[in-house]
1. Given S111, S79, S117, S70, which one is at negative phi and surrounded by 20 or more Cβ atoms within 10 Å (Cβ to Cβ)?
2. Determine which member of the set I180, I114, I169, I175 is β-branched (V, I, T) and more than 30 Å from L292 (Cα to Cα).
3. Across the range 244-257, which residue is most open to solvent (accessible area, probe 1.4 Å) among those that are closer than 20 Å to I184 by Cβ and of a type in the set (A, V, I, L, M, F, W, C)?
4. Among the residues of the range 246-260, is there at least one that is closer than 20 Å to F346 by Cα and not acidic (D, E)?
5. Yes or no: the range 71-89 includes at least one residue that is of a type in the set (A, V, I, L, M, F, W, C), in contact with a Ser or Thr (Cβ under 7 Å, 6 or more places away or on another chain) and touching a residue at least 24 places away in the same chain (Cβ under 8 Å).
6. Of the residues in the range 18-46, how many are open to solvent by 10 Å² or more (accessible area, probe 1.4 Å) and within 20 Å of V199 (Cα to Cα)?
7. Which residue pairs have Cβ atoms closer than 6 Å, lie 6 or more positions apart in sequence or on different chains, and pair a first residue in the range 169-185 that is more than 12 Å from T337 (Cα to Cα) with a second residue that is open to solvent by 30 Å² or more (accessible area, probe 1.4 Å) and not basic (K, R)?
8. Taking the range 272-303 on its own, how many of its residues are assigned to a loop (DSSP other than H, G, I, E, B) and open to solvent by less than 10 Å² (accessible area, probe 1.4 Å)?
Amino acid sequence: MIEPIRVLHVVTYMGRGGLETMLMNYYRHIDRDKIQFDFLVHRDFEADYDSEILSLGGKIYHLPKLNPLSLNYRKQLDSFFKQHKEYKIVHVHQDCLSAIVLKVAKKAEISVRIAHSHSSSQDKNVKYLIKLFYRQFIPKYATDLFACGREAGDWMFKEKNYHVVRNAISSKDYIYKSNIRMKIREDLNLKNDFTIGLVGRFSYPKNHDFLLDIFNELVNINPNSKLLLVGDGDLRLQIEEKINKLTLKDKVILTGVRTDISDLLQAMDVFVMPSLYEGLPLSIIEAQASGLPCFISDKVPIECKKTDLVTQISLSESPEYWAKQILHTKDIERRNTYEEIVESGFDIEENAKLLQEFYIRKVGD
């Protein structure tokens with residue numbers, strides 16, 4: 001029996017974020033007799049997807065945090081590649097700092113080195129200039145450039161040629177089902193509440209702060225409203241403080257990290273994503289596949305619009321304006337959008353085959 005090609009994915013950790021969920025979608029649907037995914041992670045704790053990865057035949061290796069200024073990190077990475085000569089493909093998901101991993105991989109003579117862009121910007125924090133410095137070296141060390149969408153690719157790779165690998169989903173899992181909606185709404189005690197929601201990590205780019213301002217205005221207009229926030233993250237405590245400050249505690253449901261995203265989407269009435277920047281958000285594709293009206297900011301790439309359910313609003317508009325636009329969808333009837341998602345090219349079945357063929361072709365080159 002021919003051994004499968006083992007692809008090493010380099011990530012921060014395999015929690016339930018958009019990038020990680022996209023990778024798992026591909027991993028579940030790829031032919032694992034031909035391609036196996038292994039993961040090099042930069043945290044020492046067990047993450048949400050770790051047990052599933054192991055059950056699918058994957059391996060997980062741990063390194064310390066990726067510090068661009070650490071010689072010790074580079075030495076450990078160099079040592080890892082010397083010990084693991086089995087990898088012909090390294091697929092790196094470390095935004096601008098991918099250059100560091102790719103450089104060491106090139107030195108180790110790994111023949112296929114993929115840089116994958118998942119965002120159209122970076123947080124403007126103390127590391128921003130360092131990241132921009134390393135970004136310029138990615139094409140020098142990568143053999144192939146991937147991006148989740150055009151804006152993410154243009155931002156990361158500038159004028160270089162890159163290939164779009166879609167944030168594809170298992171469309172059939174998100175088909176609207178009224179019985180699921182009723183059950184989840186009962187479980188969450190939503191009753192007849194007009195429910196807006198967001199699935200996303202509590203982090204700066206997701207802009208939960210502005211979402212709360214929008215929801216506060218929505219409640220002023222329509223008191224019979226609820227906000228469903230799915231996920232967790234570094235800014236959760238800060239968001240909880242604002243919820244209390246706005247006296248919205250009895251109106252906001254924080255679910256934490258959940259495995260039943262498709263069911264939770266059924267329970268919502270509207271999906272709202274006022275992000276400060278995005279690549280091409282997986283959650284918007286999932287929301288459309290669930291038949292949900294979606295409102296996105298003008299910083300979310302419009303290429304994520306695969307149905308007529310998506311409305312884009314500028315972040316310069318007031319929270320009150322957002323709230324009024326959202327309320328216009330209050331009586332929209334949900335519909336089955338399965339065919340639209342499949343026709344848009346975002347179903348995982350076909351995309352997994354394309355990625356599989358790419359890996360096999362590259363190893364054969």
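1. Numbers: S111 fails: surrounded by 20 or more Cβ atoms within 10 Å (Cβ to Cβ); S79 fails: surrounded by 20 or more Cβ atoms within 10 Å (Cβ to Cβ); S70 fails: surrounded by 20 or more Cβ atoms within 10 Å (Cβ to Cβ).
Criteria check complete, one pass: S117.
2. Numbers: I180 fails: more than 30 Å from L292 (Cα to Cα); I169 fails: more than 30 Å from L292 (Cα to Cα); I175 fails: more than 30 Å from L292 (Cα to Cα).
After ruling out the rest, the residue left standing is I114.
3. Initial filter on the range 244-257 (closer than 20 Å to I184 by Cβ): 250-257.
Within this subset, residues satisfying the condition of being of a type in the set (A, V, I, L, M, F, W, C) are 252-254, 257.
Details: V252: 18, I253: 35, L254: 50, V257: 72 Å².
The residue in question is V257.
4. Checked the range 246-260: no residue is closer than 20 Å to F346 by Cα and not acidic (D, E).
5. Looking only at the range 71-89, we keep the residues that are of a type in the set (A, V, I, L, M, F, W, C), and these are 71, 77, 80-81, 89.
Within this subset, residues satisfying the condition of being in contact with a Ser or Thr (Cβ under 7 Å, 6 or more places away or on another chain) are none.
Among the residues of the range 71-89, not one is of a type in the set (A, V, I, L, M, F, W, C), in contact with a Ser or Thr (Cβ under 7 Å, 6 or more places away or on another chain) and touching a residue at least 24 places away in the same chain (Cβ under 8 Å), which makes the answer no.
6. Final tally of qualifying residues: 5.
7. If the second residue must be open to solvent by 30 Å² or more (accessible area, probe 1.4 Å) and not basic (K, R), the pairs left are I180/D263; I184/D263.
8. Filtering the range 272-303 down to residues assigned to a loop (DSSP other than H, G, I, E, B) leaves 274-281, 290-293, 298-301.
Retained after the next criterion (residues that are open to solvent by less than 10 Å² (accessible area, probe 1.4 Å)): 274-275, 279-281, 290-293, 300-301.
Of the residues in the range 272-303, 11 are assigned to a loop (DSSP other than H, G, I, E, B) and open to solvent by less than 10 Å² (accessible area, probe 1.4 Å).
The values are calculated or read from the model by the stated rules, or taken from the named source; none is laboratory data. Predicted model, so just to flag it, every value in this text is computed and none were measured. Note that each Cβ is placed from the backbone with ideal geometry, even for glycine, and that neighbours are counted across all protein chains shown. Accessible surface areas use protein heavy atoms only, side chains included; no ligands, DNA or RNA. Shrake-Rupley method; radii C 1.70, N 1.55, O 1.52, S 1.80 Å.
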